[in-house]
Amino acid sequence: MFLNDQHQTEQKNWRNRFIKIDRDAPIGVFDSGVGGLTVAREIMRNLPSEKIVYFGDTARVPYGSKSKETIIRYSRQIIHFLREQQVKAIVIACNTASAFALDAVKDELDIPVLGVIEAGARVAAEETHNKRVGVIGTLGTVGSGIHEAFLKHLDPEITVIGKACPLFVPLVEEGWLHDPVTTEVASRYLQELKQQEIDTLILGCTHYPLIRSTIREVMGQNVRLVNPAYETALQLKALLAELDISSSGTGEEEFPYRFYVSDLADEFKDFANSILPYDVSMAKKIDIEKY
């Protein structure tokens, strides 16, 4: 296991800070658009008693090509909105925002906040046998080097090979999940990683689990694919239990999951209904610039 002293100290600090949280309040989840729905999906599957308030910043997507300062400003606005929804914890379900904004905002809050990078990195460090780990993501995420920093901290002997795959996001949002064009693009992007003989690959963008089967086909069965959306849901489950703020599960809410966007509400709703195990009847558009 790669549990380190810094992580354990942070957990103790969290237990001391978050002592007045309503266990039956919802989880706040946000992303630059629809990709974070893969994280929401894993939370629904693995924490079925928890309520969710999701925000997709569909007016300002993509985040991957924007500056660190801009991402931090956007994240603070969204967190302000989620706090007004009285959430008990926040998951930054965006790799770029996790890379650029998590450290800037986590000490400003009186509730726990998680990103999607640490959990995936920990699993990758545990799973690799030849200590050659690949990371695919947006230009911003790969360029930040944050996965490499996490992995090197866990095991200095790991070699990290990053590859930006910017076309994957529009292909996913177009709905071309099992299309020959997506397979061709994946083959071109991933050829370099195949040549580097990685044995573990982190899907470093929340859109990418939706084309997992295509990535698997290109990389082959011997490469372990790490889905940070799933690993983050498990990390959230453990954290809520440790802080003793898991939902009591009492009472049935008619609408346990609420969805908000900054634009294109109907398009968001259609995409959400194509991937979630829940019927999304409405996504409400809000003016995020007010926050």
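Here the condition is being under 24 Å from E253 (Cβ atoms) and either of a type in the set (A, V, I, L, M, F, W, C) or in contact with a strand residue (DSSP E or B) (Cβ under 9 Å, 6 or more places away or on another chain) (or both); of I92, I117, I52, I71, it holds for I52 alone. Note on the stretch 270-284: residues that are closer than 21 Å to F81 by Cα and crowded, with 18+ Cβ neighbours inside 10 Å total 3. In the stretch 105-123, the qualifying residues are those that are part of a helix (DSSP H, G or I) and touching a Gly at 6+ places or on another chain (Cβ under 9 Å), and the one that is least open to solvent (accessible area, probe 1.4 Å) is G120. Any chance the stretch 47-70 includes a residue that's modelled with pLDDT of 95 or more and on the phi > 0 side of the Ramachandran plot? No, the stretch 47-70 has no match at all. Just to be sure before I move on: is R83 surrounded by 21 or more Cβ atoms within 10 Å (Cβ to Cβ) and either among the basic types (K, R) or part of a helix (DSSP H, G or I) (or both) in the structure I sent? Judged against the criteria, R83 is not a match.
Can we say S248 is farther than 27 Å from A149 by Cα, out of contact with any Phe, Trp or Tyr (no Cβ under 6 Å at 6 or more places or on another chain), at pLDDT 95 or above and of a type in the set (S, T, Y)? Step through it out loud before you land on a result.
Details: farther than 27 Å from A149 by Cα: yes; out of contact with any Phe, Trp or Tyr (no Cβ under 6 Å at 6 or more places or on another chain): yes; at pLDDT 95 or above: no; of a type in the set (S, T, Y): yes.
In short, no.
Out of the residues in the stretch 214-251 meeting the condition of being open to solvent by 20 Å² or more (accessible area, probe 1.4 Å) and small (G, A, S), tell me which one is farthest from V91 (Cα to Cα). My answer is G220. When A101, A121, A89 are checked against the criterion of being under 15 Å from the mean Cα position of the chain (by Cα) and closer than 23 Å to Y257 by Cα, a single residue qualifies: A89. For L240, the conditions (1) touching a Gly at 6+ places or on another chain (Cβ under 6 Å); (2) not in a loop (DSSP other than H, G, I, E, B) are fulfilled apart from (1).
Matching residues to (1) without any contact (Cβ under 8 Å) to a residue 12 or more places away in the chain; (2) of a type outside the set (S, T, Y); (3) touching a Gly at 6+ places or on another chain (Cβ under 7 Å); (4) over 25 Å from E267 (Cα atoms):
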{"site": "G134", "(1), (2), (3), (4)": "no, yes, no, yes"}
{"site": "S144", "(1), (2), (3), (4)": "no, no, no, yes"}
{"site": "L151", "(1), (2), (3), (4)": "no, yes, no, yes"}
{"site": "G162", "(1), (2), (3), (4)": "no, yes, no, yes"}
{"site": "F168", "(1), (2), (3), (4)": "no, yes, no, no"}
{"site": "L171", "(1), (2), (3), (4)": "no, yes, no, no"}
{"site": "W176", "(1), (2), (3), (4)": "yes, yes, no, no"}
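Can you work out which of the residues in the stretch 177-206 that are farther than 20 Å from V39 by Cα and among the hydrophobic types (A, V, I, L, M, F, W, C) is surrounded by the most Cβ atoms within 10 Å (Cβ to Cβ)? The extreme case among them is I198.
The values are calculated or read from the model by the stated rules, or taken from the named source; none is laboratory data. Remember, predicted model here, so these are calculated numbers, not experimental data. Reconstructed Cβ throughout: ideal geometry from the backbone, glycine too, with neighbour counts over all protein chains shown. For the accessible areas, the whole protein counts, side chains as well, though only heavy atoms, and no ligand, DNA or RNA atoms are used. Shrake-Rupley method; radii C 1.70, N 1.55, O 1.52, S 1.80 Å.
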